[in-house]
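Structure first, then comments.
The values are calculated or read from the model by the stated rules, or taken from the named source; none is laboratory data. Remember, it's a predicted structure, so these values are computed and weren't measured experimentally. Note that each Cβ is placed from the backbone with ideal geometry, even for glycine, and that neighbours are counted across all protein chains shown. In case anyone asks, the SASA skips ligands and DNA or RNA and just uses the protein heavy atoms, side chains included. Shrake-Rupley method; radii C 1.70, N 1.55, O 1.52, S 1.80 Å.
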Amino acid sequence: MPIFVATMKTIKDIYKIGIGPSSSHTMGPQKAAKIFNERYPNAHSFEVTLYGSLAATGKGHMTDWAILNTLQAPTEIVWKPDTVLPFHPNGMLFKAFNEAKEVLGEWTVFSIGGGELAEEGQKLDAKEVYPMDKMTDILKWCEQTGKAFWEYVYEYEDQKEVEDYLMEVWQVMKDAVERGLQQEGVLPGPLHLSRKAAMYHVKAKGFSHTLQSRGLVYSYALAVSEENASGGRIVTAPTCGSSGVMPAVLYHLSKNYDFSDTRIIKALATGGLVGDIVRTNASISGAEVGCQGEVGVACAMAAAAANQLFGGSPAQIEYAAEMALEHHLGMTCDPVCGLVQIPCIERNAYAAARALDANIYSTFTDGHHRVSFDKVVETMKETGKDIPSLYKETSQGGLARDYQQMK
């Protein structure tokens, strides 16, 4: 086999445990504020300028709340939605001042999706662990070694460490589903959107097997997405806005097919690898490539995980992931009022069902097909570049604009 230099980071960065509603607009800015606060612990005051998508939808995503509750001094937030920095739409400029209002230091940083930060041209904490970052190369590795995708993860990660972490991820996912199923009432924000997970769960129990199965999957995805929208504790998979897809699929399969926790975390490893490939070669940021990079990638991760649980070959797993992502190409990110509610919550439920469909479709094949997963990832990246910025998490186009007109 050819020699590869490590270029892909740990899958643990795909599965971040944190508080919703947005990984790029809440978790990322909060992390940046914490870093900047530690650099200037004696600052008398701060100023934070938010650019592009962060400014356009920051209030709905609680960006200002995340920053103000992290910086330990009086802070002014400056909103510049019409200014987009070249490196990424989610730009932030932090400034620290002394008592005389003199600048102690400043820092330009970007929240690039999934709670991850980057300075221009360089990701922070970018320790690469995987020598291959293309699905085609990893698939060849599986074929030549006879090993599975999850074994590729264990080959290059510390196995005990990643297993323990994925077990914690699985527990947080289950907790979010079960917590969300018990909650009723209205989600926070001006939309006054009612929670639906509990109602869907009850209704699903009254249907025959096929409809019941689909209804339960919906309810699990709604449960987690509603928890995320309420600022609850969830797992990015790969983002907060798409955090309901993986838990819905895995929770449903664990309940209905009695898969052990050990098999579930191996499926999480495979799903995480799929997300990692997309993050490395394209993007998982809605502000950069639209919702195809969030819900589309989550659907691909869940399809791959499900196919593995049902005994799919590496080729079938790759095909399931490819289909799931391919049929989300071009999906825009247009959150109404800047909230991760409409259309985000329904999209999670729908994508969970599509992930199971991609799994079934792939199972009927031998895994061979014309368009590779890597080609779809490349296409998704190019499609994201071509989508007008209006439709990439600005709340100024698409469904968000129509809603404002109706109001």
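One table, with the values for the structure above:
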| quantity | calculated |
| --- | --- |
| About the Cα centre, charge dipole magnitude for the chain (Lys/Arg +1, Asp/Glu -1 at Cβ), debye | 960 debye |
| Most mobile of M62, M199, M27 in a GNM of the chain (Cα contacts under 10 Å) | M199 |
| By accessible area with a 1.4 Å probe, ligands and nucleic acids excluded, highest first: order of W170, W150 | W150, W170 |
| Sequence of M323, M331 from largest to smallest accessible area, 1.4 Å probe | M331, M323 |
| Cα shape, the stretch 223-377, gyration tensor, a/c 1.5 rule | oblate |
| Relative contact order (%) - criterion: Cα under 8 Å, at least six apart; region: the chain | 19 percent |
| The stretch 142-181: translational diffusion in µm²/s, Stokes-Einstein, Kirkwood Rh over Cα pairs, 4 °C, 1.567 mPa s | 110 µm²/s |
| Cβ-Cβ FRET estimate between K255 and E151, R0 fixed at 30 Å, reported to 0.05 | 0.70 |
| If the convex hull is drawn through the Cα atoms of the stretch 67-185, its volume per residue in Å³ | 231 Å³ |
| Rounded percent of accessible protein surface that carbon and sulfur make up, the stretch 69-109, 1.4 Å probe | 48 percent |
| Long pairs among K266/K375; K31/K385; K16/K80; K160/K266, criterion Cα-Cα beyond 20 Å | K266/K375; K31/K385; K16/K80 |
| Selected from V109, P89, N228, residue furthest toward positive end of dipole (the stretch 79-230; charges at beta carbon) | N228 |
| Accessible-area value, T365, 1.4 Å probe, nucleic acids and ligands omitted, Å² | 40 Å² |
| Contact order relative to length of the stretch 59-190, as percent, for alpha carbon pairs under 8 angstrom and 6 or more apart | 11 percent |
| Per-selection metrics, the stretch 234-280 (Cα): Rg and Dmax in Å | 11.1, 34 |
| Span from the the stretch 253-283 Cα centroid across to the the stretch 339-407 one, whole angstrom | 19 Å |
| Cβ-isolated cysteines (cut-off 4.7 Å), the chain | C142, C240, C299, C337, C344 |
| Whole-angstrom Cα spans of the stretch 323-381 along principal axes, big to small | 44, 24, 10 |
| Calculated FRET value between E382 and I360, using beta carbons and R₀ = 30 Å, to 0.05 | 0.55 |
| Neighbour net charge for V202 - beta-carbon separation under 14 angstrom, K R +1, D E -1 | +3 |
| Placed amide H near I342: partners under 5 Å, 5+ positions off or other chain | V336 |
| Counted charge near A305, where neighbours are those whose Cβ lies closer than 12 Å (Asp, Glu -1; Lys, Arg +1) | +2 |
| Relative contact order computed over the stretch 258-407 (Cα-Cα under 8 Å; 6+ residues apart), in percent | 31 percent |
| For the chain: accessible area per residue (Å², 1.4 Å) | 41 Å² |
| GNM result for the chain, Cα springs below 10 Å: residue of V377, V340, V162 fluctuating most strongly | V162 |
| Highest-fluctuation residue, T236, T145, T83 considered, GNM on the chain with Cα pairs under 10 Å | T145 |
| Descending principal axes extents, the stretch 94-157, alpha-carbon based, whole Å | 66, 18, 17 |
| 15 Å beta-carbon shell around P343, net charge (K/R +1, D/E -1) | -1 |
| Computed accessible area, S395, all protein chains, 1.4 angstrom probe, square angstrom | 20 Å² |
| Whole-Hz ³J(HN,Hα) from phi, Karplus 6.51 cos²θ - 1.76 cosθ + 1.60, for the stretch 76-84, glycine and proline x | 9, 9, 10, 9, 10, x, 8, 9, 10 |
